[in-house]
Every structure is written in structure tokens, then in C-alpha cells.
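*Asks:* Shown below is the structure under consideration.
The values are calculated or read from the model by the stated rules, or taken from the named source; none is laboratory data. These numbers come from a predicted model, not from an experiment. Here the Cβ positions follow ideal geometry from the backbone for every residue, glycine too, while neighbour counts run over all protein chains shown.
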Amino acid sequence: MNGQVPRDVIEYQLIADEPIVDLDVSRGGLDLSLSVEKAAGEPLGAEIASALFDQVRTCDNHCEFCFIYQLPKGMRKSLYLKDDDYRLSFLYGNFTTLTRFTERDLDRVLDKRPSPLYVSIHATDPEVRARMLRNRRGAMSLRWLRCLLDNGIEVHGQVVVCPGLNDAAVLHGTLAGILDRFPELETVAVVPLGVSKFSKEEAMRPHTTAEARAAVKAVLEWQERFSRAVGRRVVWASDEYYLLAGLALPEAAAYEGFPQHENGIGMVRAFEESFEEAPTATATEPPAPGAEGVPARTGFFAWVEGAPAEGYRAPRTSSVSLGVTRAQKGLPVTVLTGAYGGHVLRPLLDRNGFGEVAVLSVRNEFFGGNIAVAGLMTGPDISRAIAEHPSGGRYLLPDVCLSKGRFIDGSSLEELPVAIEVVPSDGASLRKRLEAAR
Ligand code: SF4
């Protein structure tokens with residue numbers, strides 16, 4: 001394209017936005033040259049099949065808490081690929097530890113300025129970080145974070161807290177280290193370790209309630225310090241932490257615009273706001289999935305299937321209709337969700353006059369352990385839940401647990417014992433569907 005071979009969709013897009021694109025196509029023994037003239041920024045008219053055209057940079061860490069090591073055997077191959085590629089960080093919001101980041105990568109970031117990037121911090125103490133990543137490079141790789149921030153690159157951070165490893169005093173030390181060394185970070189998400197029944201790491205265990213409370217307390221204390229020092233809260237505990245701790249979630253305005261919404265920070269409050277259609281004056285609506293410049297769904301499960309055919313940032317369920325047929329009207333409605341979602345949905349529906357709508361919390365037996373998020377629901381668990389509590393009416397399912405119509409275990413919607421209606425995972429879409437059903 002214009003004399004260059006793009007390595008990924010970032011380079012592709014920059015060239016494709018040019019008003020004149022000269023293409024040299026070489027495929028199946030055919031060599032072809034053509035030139036496309038169009039307005040600058042107008043789509044080229046070509047589809048891309050994958051976000052990276054060269055090889056994904058894989059991760060050289062061996063974290064005890066890695067969820068990929070906690071997957072059962074026999075799932076589709078793409079799920080076992082550990083990436084640590086800053087390009088996927090920019091494109092999909094995947095977190096990178098920067099242990100494989102190089103001078104050349106820094107040059108490229110400073111040249112193309114992709115932003116924001118997402119960096120796994122876990123601990124600022126070099127020894128603790130190297131131990132957590134099981135990689136001696138983990139001790140030093142945060143120097144790249146310093147370089148990125150020095151050059152004005154927008155970066156979000158994450159701390160996965162493993163009880164007994166980087167919680168308590170280590171967590172306080174990490175948040176102090178962030179304030180001291182990386183105060184320009186946009187946000188830091190503090191999330192609890194997820195443990196599936198397939199984990200072989202004996203030291204990895206779920207938080208106790210007391211540990212979850214201590215982590216939330218630590219984050220709230222540091223929010224105050226960050227606010228005083230840099231005028232922003234910067235650090236947030238994930239919704240999962242509050243649910244584990246049995247504590248009330250902060251008000252929506254406390255999330256300062258939901259900058260880490262897709263990583264489970266403020267998702268509950270954003271969902272409630274969206275459902276109740278009453279955003280406060282100070283709280284910004286979270287960006288709509290698929291909106292301009294916003295990835296449809298960030299994180300590991302989003303990118304493994306490759307870029308959506310209609311564009312690498314297309315909405316996940318663009319064609320979902322929120323209407324209902326005449327035959328569906330008046331039928332009992334059941335909303336399927338994970339165990340955490342059940343805690344939130346029931347009171348939300350009751351206080352908004354939807355007491356007749358059933359909520360079916362799907363226990364995650366596929367992964368077991370403490371896995372309770374809606375995004376990791378699987379087909380067999382949903383089938384079991386429906387068999388145990390048949391309602392005979394309509395079932396609504398959030399799209400967050402599906403990628404191209406398949407659950408993470410590889411089963412499809414068609415394999416479920418009843419017809420399921422997939423609904424976008426925001427509150428307004430659910431409400432619209434529920435109101436239309438009456
Ligand atoms: S850096 Fe991420 S992908 Fe790599 S081992 Fe650790 S948790 Fe897994």
C-alpha cells in the first residue's frame with residue numbers, strides 16, 4: 001500500500017485514509033497493481049481478516065494467576081495464545097506487561113502515537129513484580145512505562161491482586177509507588193484474582209471477605225491521596241471487589257466518567273444509570289460500544305476471534321433488534337446472567353417496576369472456583385440453569401458472553417434447549433426490550 005507492506009491494522013488504517021492509495025496485490029500467483037482515488041479518510045472498500053498481519057508477540061511470562069493456565073484442556077486453540085503485544089493493547093485494550101517491549105517499539109509508538117495503552121503493573125516493587133510474572137525482566141520493564149508517560153502517551157494501568165502475594169502492605173506499596181513514579185497514569189484498575197477449578201497453582205486462592213474489604217479500603221485511602229496530589233482519583237477497585245466484600249458501590253459520579261468501564265470498574269453503576277435513563281449532571285455516560293474510536297469489546301475474549309468482518313471496531317451485536325413480535329408480548333420474561341449480575345439486577349428491576357421479570361443467575365460450573373461474571377457464562381451452564389428453573393417464557397441473554405454466536409466453551413446459541421434472545425449488555429437496551437415485551 002503506497003509502497004509499504006503494513007504490519008497491522010494500525011499501519012493499514014493510516015495508509016488507507018490517504019486520498020490516493022496505490023495497491024500492489026500479490027496473491028495466488030497473480031500480481032496486480034491498481035490505484036484508488038477517494039476523499040481522505042473515506043473507506044478504501046477492502047475488508048481485513050485480522051488486526052495483525054505479522055506475528056502476534058507472545059508473552060514470555062508465566063504468571064501463577066494467568067487465566068489462560070486456568071482454562072481446561074480441549075478448548076479452541078486461539079484461547080490458549082498468551083499475547084503481550086502493545087498493538088493489541090491499543091486495538092483491543094489488552095493489558096501488556098512490557099517485558100517484550102523494545103526500543104524499536106517505543107520509536108514506533110512515538111511515531112504513530114497510538115493511545116491509550118494498557119499496562120499490567122501488579123506491583124511496583126521490582127522483586128515482587130518479577131516473582132509475580134515469573135520473569136526477571138518483570139523487575140525492569142516498567143521503565144518503558146516511564147518512557148511512554150514522559151512522551152505524553154496516555155496509559156491506563158491494572159493491578160491484579162493475589163492474596164498473600166501482592167495484597168495488604170504490598171498493595172499499599174504499589175499504590176504509593178504509582179503515585180511516586182507514575183502519577184501521569186490516567187487510571188489504575190485494582191481487580192481481584194479469578195481462580196478457576198482448573199488452576200494448578202496451590203498458592204492461588206480466592207479472596208476472603210476480609211481481604212476484599214481491606215483491598216477496597218486501601219484503594220479508597222489512596223483515592224484520597226491521589227485526589228490531593230494530582231486532582232484525580234486515578235485508582236479504582238473493580239465492581240467485583242465490592243460484591244465480594246459485601247460493600248455498597250460508589251456513586252456513579254465517583255467513577256469520573258467510567259474510564260475503565262470495560263475492565264469492570266463502575267460497570268454496575270453505568271448499567272444502572274443507563275437502565276434508569278437518569279445520568280447525573282456530573283457523571284458522563286460511558287462510551288457506547290462501537291461508538292467512534294471506542295472498541296466494541298475490549299479484552300482477551302474480544303480479540304482472539306480476529307477482527308470482525310465489518311471493521312476491527314464494529315459493535316458486537318450490531319444487528320440485534322430490540323423489538324418483540326406480537327406472539328412474544330405478555331409472555332413471562334427471564335433474564336439470564338452470572339452470579340454477580342444476579343445480585344445487581346434483581347434490586348434494579350424491582351425498584352423500576354419490573355418485579356414480574358425473573359432473574360436467573362447462572363452458576364459457573366464450567367470454570368468453577370470463584371468465576372461469577374456474566375462474560376464467562378457457558379452454554380452447558382445456561383442449559384442446566386434453565387432445566388432447573390424452567391419458566392416457559394422468553395429468555396434474554398447479554399451479548400457479553402458471546403463471540404460470533406459462540407460461548408467461551410465453544411458451544412453455540414443453537415445448542416441451548418430453548419430459543420434465546422440476545423440483548424446488548426447495556427441497561428438501556430435491556431429496558432427497551434423489557435418494555436416492548438409488555
Ligand atoms: S502476562 Fe498475562 S498472558 Fe502472560 S502469563 Fe501473565 S497473565 Fe498470562
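*Asks:* Answer with yes or no whether Gly338 is surrounded by fewer than 20 Cβ atoms within 10 Å (Cβ to Cβ) and either of a type in the set (Gly, Ala, Ser) or under 22 Å from the mean Cα position of the chain (by Cα) (or both).
*Replies:* no
*Asks:* In this structure, is His122 more than 13 Å from the ligand (Cβ to nearest atom) and closer than 22 Å to Lys217 by Cα?
*Replies:* In short, no.
*Asks:* Among (1) within 15 Å of Val155 (Cβ to Cβ); (2) within 16 Å of the ligand (Cβ to nearest atom); (3) touching a helix residue (DSSP H, G or I) at 6+ places or on another chain (Cβ under 8 Å), which single condition is Ser89 missing?
*Replies:* Of everything listed in (1) within 15 Å of Val155 (Cβ to Cβ); (2) within 16 Å of the ligand (Cβ to nearest atom); (3) touching a helix residue (DSSP H, G or I) at 6+ places or on another chain (Cβ under 8 Å), Ser89 misses just condition (3).
*Asks:* Just to be sure I understand, how many residues within the stretch 72-83 are within 9 Å of the ligand (Cβ to nearest atom) and closer than 15 Å to Ser411 by Cα?
*Replies:* 0
*Asks:* Residue check: is Asp60 within 16 Å of the ligand (Cβ to nearest atom), within 30 Å of Pro192 (Cα to Cα), surrounded by 13 or more Cβ atoms within 10 Å (Cβ to Cβ) and at pLDDT below 90?
*Replies:* Spelling it out, it is not the case that Asp60 is within 16 Å of the ligand (Cβ to nearest atom), within 30 Å of Pro192 (Cα to Cα), surrounded by 13 or more Cβ atoms within 10 Å (Cβ to Cβ) and at pLDDT below 90.
*Asks:* Here's another thing I want to ask about it. Taking the stretch 14-37 as the region of interest, how many residues are outside any strand (DSSP E or B), free of Cβ contacts under 8 Å to residues at least 60 places away in the same chain and surrounded by 14 or more Cβ atoms within 10 Å (Cβ to Cβ)?
*Replies:* Within the stretch 14-37, residues that are outside any strand (DSSP E or B), free of Cβ contacts under 8 Å to residues at least 60 places away in the same chain and surrounded by 14 or more Cβ atoms within 10 Å (Cβ to Cβ) number 4.
Results for (1) surrounded by 15 or more Cβ atoms within 10 Å (Cβ to Cβ); (2) more than 21 Å from Pro116 (Cα to Cα), shown as yes or no for each residue.
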residue: Lys197; (1), (2): no, yes
residue: His207; (1), (2): yes, yes
residue: Arg225; (1), (2): yes, yes
residue: Arg228; (1), (2): no, yes
residue: Arg232; (1), (2): yes, no
residue: Tyr242; (1), (2): yes, yes
residue: Leu247; (1), (2): yes, yes
residue: Phe258; (1), (2): yes, no
residue: Glu272; (1), (2): yes, yes
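*Asks:* Based on this model, can you work out whether Tyr69 counts as within 15 Å of the ligand (Cβ to nearest atom), hydroxyl-bearing (Ser, Thr, Tyr) and touching a Phe, Trp or Tyr at 6+ places or on another chain (Cβ under 7 Å)?
*Replies:* no
*Asks:* Are there helices (runs of 4 or more DSSP H) fully within the stretch 83-136 with at least 2 residues that are surrounded by fewer than 22 Cβ atoms within 10 Å (Cβ to Cβ)? List them.
*Replies:* 103-112, 126-133
*Asks:* While we're looking at this one, here's another question. Taking the stretch 20-59, which residues are touching a Pro at 6+ places or on another chain (Cβ under 9 Å) and closer than 30 Å to Asn135 by Cα?
*Replies:* The answer is Phe53, and nothing else.
*Asks:* Mind telling me which of the residues Ile386, Ile408, Ile382 ends up being β-branched (Val, Ile, Thr) and farther than 19 Å from Val333 by Cα?
*Replies:* From the options Ile386, Ile408, Ile382, the qualifying one is Ile408.
*Asks:* Quick check on my filter: what residues within the stretch 38-72 are assigned to a strand (DSSP E or B) and under 16 Å from Ile10 (Cα atoms)?
*Replies:* The one that is assigned to a strand (DSSP E or B) and under 16 Å from Ile10 (Cα atoms): Leu52.
*Asks:* Right, another one. Pairs, please: C-beta under 7 Å, at least 6 apart or cross-chain, first residue touching a residue at least 24 places away in the same chain (Cβ under 8 Å) and in the stretch 376-387, second in a helix (DSSP H, G or I) and surrounded by fewer than 16 Cβ atoms within 10 Å (Cβ to Cβ)?
*Replies:* Gly379/Glu415
*Asks:* Filter the stretch 132-174 for residues that are within 12 Å of the ligand (Cβ to nearest atom) and farther than 24 Å from Asp107 by Cβ and give the result.
*Replies:* Met132, Leu133, Arg134, Gln158, Val160, Cys162, listed by residue number.
*Asks:* Now, a different point. Anything in the stretch 218-239 that is farther than 16 Å from Val170 by Cα and not aliphatic (A, V, I, L, M)? List them, or say none.
*Replies:* Gln223, Glu224, Arg225, Phe226, Ser227, Arg228, Gly231, Arg232, Arg233, Trp236, Ser238, Asp239
*Asks:* Sticking with this one: Could you say which residue among Thr102, Thr96 is hydroxyl-bearing (Ser, Thr, Tyr), more than 16 Å from the ligand (Cβ to nearest atom) and without any contact (Cβ under 8 Å) to a residue 40 or more places away in the chain?
*Replies:* Result: Thr102 is the single residue among Thr102, Thr96 that is hydroxyl-bearing (Ser, Thr, Tyr), more than 16 Å from the ligand (Cβ to nearest atom) and without any contact (Cβ under 8 Å) to a residue 40 or more places away in the chain.
*Asks:* Here's something else I'd like to know. Considering each of Val216, Val188, Val159, Val195 in turn, give the residue that is part of a strand (DSSP E or B), within 19 Å of Val373 (Cβ to Cβ) and in contact (Cβ under 8 Å) with a residue 24 or more places away in the chain.
*Replies:* Just one listed residue meets the conditions, Val159.
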